[in-house]
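Engineer: Let me give you the structure first, and then I'll get to my questions.
The values are calculated or read from the model by the stated rules, or taken from the named source; none is laboratory data. All values reported here derive from a predicted model rather than from experimental measurement. Cβ coordinates were reconstructed from backbone atoms using ideal geometry, including for glycine residues, and neighbour counts include every protein chain displayed. Only protein heavy atoms, including side chains, enter the accessible area calculation; ligands, DNA and RNA are left aside. Shrake-Rupley method; radii C 1.70, N 1.55, O 1.52, S 1.80 Å.
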Amino acid sequence: MAMPQTKPAPVATTDIAVSARSVSKTYGETEALRDMTIEFPRGQLTSLLGPSGCGKTTLLKIIAGLLEPNSGTIEVNGKPVTGPGEDRAFVFQDFALLPWASVMRNVAFGLELRGVAKSEREAIAAKYIADVGLKGFEKSFPHELSGGMRQRVGLARALSVNADVLLMDEPFSAVDEQTRRKFQEDLLSLVQNENKTFIFVTHSIEEAVYVSDQIALLLPRPSRVSEIIRPSGLRMKDVDNIRRDPEYLDTVDRIWALLRSYVE
Amino acid sequence: MTDQSQRTLATAASQGRPPLTKPARRDFFGRLTPALVKHRPLVLKLVSAAVVFGAWEIAGRIPVSYAFPTFIESMAALWSMTVDGSLFVAYGETLKPLVVGILISTFIGVAVGMWIGLAKWADWLFSPIFIVMQAAPLAALIPLLVMIYGIGLTSKVFVVCIMAMPVIVLNTAGAVRNTPSSFIEMGQSFLASRAEVIGKIILPAASPVIFSGLRLGVSAGFIGAILAELKITPTGVGDIISYSRSVADYASMYAAIFSIIVLAVVFLNLLERIELTLFEGNARGYASD
Ligand SMILES: Nc1ncnc2c1ncn2[C@@H]1O[C@H](COP(=O)(O)OP(=O)(O)OP(=O)(O)O)[C@@H](O)[C@H]1O
Ligand SMILES: [Mg+2]
């Protein structure tokens, strides 16, 4: 069962897949992001960790091209973002499943919009439905699924379009602990095996430390990056031993100490 | 758990005793009748129809008013109108403005409603018209329509449209406007074009409310068609109603009214069929007719 999680040593000049430069966003009176600058290295998983309402979803939507920043630029693969693109896929915090469509159609929806023929897209979707553990529910409708199952449908939909950059807004928040741990392991091997860039929002410090190459700690609104933490030693470790590793425990403690000041 | 209760049920039944655990499949009256359970909606419909008709019959027999025939008398009158063909002739007249008016209201109403829901300026331009139309006292407008369009089909179609269109337009516009923004964002993030967002997301999301608007609109259109025949020129079913009233043939009058209600119910059921064919996903949780 033990899977070696070794990674080739990082290239000297880290390749940046996504970068945000001095991005600011205000909603009416609410200043969500102020002058945020952050870089997301290609092939790595970056977690955004910060208090509720600090603007994590806002940042992801700006990267996705769904929202326009008031100022600043986003670049994906060196090109400025002007709108949604094939290179990015979104896992929505509220799942955003179409209630009138079956699990199959929901998962295949991204491919449907890309003009992939029905038989082909359903074959691809079936694979991802099985991957997220929903085999047998292809014909079910979202209202017939539990919250965690719905979330997995949203996850499968984003994976099925095979985008370079995955924007995941609390993708495991509603799944049970067993599934969550399994997904965390799956995510690690996905990061390992595919040269995709993951931007991952979570509220769980442990989860962030477990899966991330780098963790961006965000300040409360108006949000900026307060600190970047790279638990790099952990990425060489065997998945089964990460949670026992002193570096893991130390990092979790350190982040908690930093975040604690916001809570108080 | 389910396994176990099934087993108890089976053993109890095989021993000829009533099952100890309460079985799930029991009809309205608490009897174990799987066939009834399966057709419960139909059974309930028949029961409620029987109650209404029974009450009608009793009220007619008391009688509550000399102008109120019994159910059986009314059905006899309906039968004689059917066999002598006068009912079909009447509907030939009534259905013309009704069907034309409802078709116009449906297609133009949904289109304008979508437009209002999608574009702010269309909302600003058209919404007031339909709000006024919905509030207008139709009976007062009829002389005006007759003055402009005469007493022919056009005026009657107008009456049907004035009755049916506002609710269709306003429901459609509201439904379109209330499409959850997360669905639209999802579509955009997966590169849906504007047309795809409208066709694959907004329209299906709005369809339950659009169809409930259509149901209200169709019912109002029926009222409009009869009103037009009573107020403009007595033709068709409106003629049967006003003529039989003038000669105190109340059974025929109620028969005509009954027939129009039945037709309206048939129409509404047809509409639901259409809805389920177009949007299968809407099959859940609709209280119909
Ligand atoms: N459409 C909107 N209109 C107005 N204000 C908004 C809108 N969307 C978000 N906000 C505000 O912007 C701030 C950041 O919101 P955002 O959803 O990005 O937070 P978040 O970090 O994702 O929070 P959570 O962890 O709870 O999901 C919040 O204070 C919120 O009130
Ligand atoms: Mg959020």
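Engineer: Between A:G147, A:G136, which is within 16 Å of ligand 1 (Cβ to nearest atom), of a type outside the set (A, V, I, L, M, F, W, C) and more than 13 Å from chain B (Cβ to nearest Cβ)?
Structural biologist: Of A:G147, A:G136, the one residue that is within 16 Å of ligand 1 (Cβ to nearest atom), of a type outside the set (A, V, I, L, M, F, W, C) and more than 13 Å from chain B (Cβ to nearest Cβ) is A:G147.
Engineer: Additional query: Being in a helix (DSSP H, G or I), in contact with an Asp or Glu (Cβ under 8 Å, 6 or more places away or on another chain) and of a type outside the set (A, V, I, L, M, F, W, C) is the filter here, so list the residues in region A:201-242 that pass it.
Structural biologist: Within region A:201-242, A:S232, A:G233, A:R235 qualify.
Engineer: Also: Which ones in region A:82-97 are surrounded by fewer than 21 Cβ atoms within 10 Å (Cβ to Cβ) and in contact with a strand residue (DSSP E or B) (Cβ under 9 Å, 6 or more places away or on another chain)?
Structural biologist: A:P84, A:G85, A:D87, A:Q93, A:D94 - these are the residues of region A:82-97 that are surrounded by fewer than 21 Cβ atoms within 10 Å (Cβ to Cβ) and in contact with a strand residue (DSSP E or B) (Cβ under 9 Å, 6 or more places away or on another chain).
Engineer: Still on this structure, please answer the following. Which condition number does A:L159 fail, the rest of (1) in contact (Cβ under 8 Å) with a residue 12 or more places away in the chain; (2) in a helix (DSSP H, G or I); (3) hydrophobic (A, V, I, L, M, F, W, C); (4) farther than 22 Å from A:K56 by Cα being met?
Structural biologist: All conditions are met except number (4).
Engineer: Shifting gears a bit: Taking the criterion of being farther than 23 Å from A:E86 by Cα and open to solvent by 30 Å² or more (accessible area, probe 1.4 Å), would at least one residue in region A:151-169 satisfy it?
Structural biologist: For region A:151-169, residues farther than 23 Å from A:E86 by Cα and open to solvent by 30 Å² or more (accessible area, probe 1.4 Å): absent.
Engineer: Further question on the same structure: Give region B:116-152 a look and list any residue that's touching a Pro at 6+ places or on another chain (Cβ under 6 Å) and open to solvent by 60 Å² or more (accessible area, probe 1.4 Å), or say none.
Structural biologist: Matches in region B:116-152: B:Q134 only.
Yes/no matrix, rows are residues, columns are (1) within 12 Å of ligand 1 (Cβ to nearest atom); (2) open to solvent by 50 Å² or more (accessible area, probe 1.4 Å); (3) more than 16 Å from the chain's Cα centre (by Cα); (4) under 13 Å from A:D169 (Cβ atoms):
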{"residue": "A:K25", "(1), (2), (3), (4)": "yes, no, yes, no"}
{"residue": "A:E31", "(1), (2), (3), (4)": "yes, yes, yes, no"}
{"residue": "A:P51", "(1), (2), (3), (4)": "yes, no, yes, no"}
{"residue": "A:G65", "(1), (2), (3), (4)": "no, no, no, no"}
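Rundown of residues vs (1) assigned to a strand (DSSP E or B); (2) closer than 11 Å to A:V225 by Cβ; (3) within 13 Å of ligand 2 (Cβ to nearest atom); (4) out of contact with any helix residue (DSSP H, G or I) (no Cβ under 8 Å at 6 or more places or on another chain), yes/no style:
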residue	(1), (2), (3), (4)
A:E31	yes, no, no, yes
A:M36	yes, yes, no, no
A:F40	yes, no, no, yes
A:G43	no, no, no, no
A:L48	yes, yes, yes, no
A:S52	no, no, yes, yes
A:L60	no, no, yes, yes
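Engineer: How many residues, within region A:98-128, are open to solvent by 20 Å² or more (accessible area, probe 1.4 Å) and in a loop (DSSP other than H, G, I, E, B)?
Structural biologist: Residues that pass the stated criteria total 7.
Engineer: Please indicate, with yes or no, whether at least one residue in region A:166-180 is more than 16 Å from ligand 2 (Cβ to nearest atom), part of a helix (DSSP H, G or I) and within 14 Å of the chain's Cα centre (by Cα).
Structural biologist: Yes, region A:166-180 has at least one match.
Engineer: Which one is nearest to the other protein chains (Cβ to nearest Cβ) among residues in region A:79-97 that are of a type in the set (A, V, I, L, M) and assigned to a loop (DSSP other than H, G, I, E, B)?
Structural biologist: Ranking the qualifying residues of region A:79-97, first place goes to A:A96.
Engineer: Looking only at region A:71-81, decide whether some residue is of a type in the set (G, A, S), open to solvent by 50 Å² or more (accessible area, probe 1.4 Å) and more than 21 Å from the chain's Cα centre (by Cα).
Structural biologist: Scanning region A:71-81, I find at least one residue that is of a type in the set (G, A, S), open to solvent by 50 Å² or more (accessible area, probe 1.4 Å) and more than 21 Å from the chain's Cα centre (by Cα), so the answer is yes.
Engineer: Do you know which residues across region A:138-156 are within 16 Å of ligand 2 (Cβ to nearest atom) and assigned to a loop (DSSP other than H, G, I, E, B)?
Structural biologist: Result: no residue meets the conditions.
Engineer: State all residues of region A:67-112 that are within 16 Å of ligand 1 (Cβ to nearest atom), farther than 20 Å from A:G148 by Cβ and of a type in the set (D, E); if no residue qualifies, say none.
Structural biologist: Answer for region A:67-112, where residues must be within 16 Å of ligand 1 (Cβ to nearest atom), farther than 20 Å from A:G148 by Cβ and of a type in the set (D, E): just A:E68.
Engineer: Next up: Mind checking which helices (runs of 4 or more DSSP H) fall wholly inside region B:172-289 and carry at least 2 residues that are surrounded by fewer than 15 Cβ atoms within 10 Å (Cβ to Cβ)?
Structural biologist: It comes to B:181-189, B:236-246, B:250-278.
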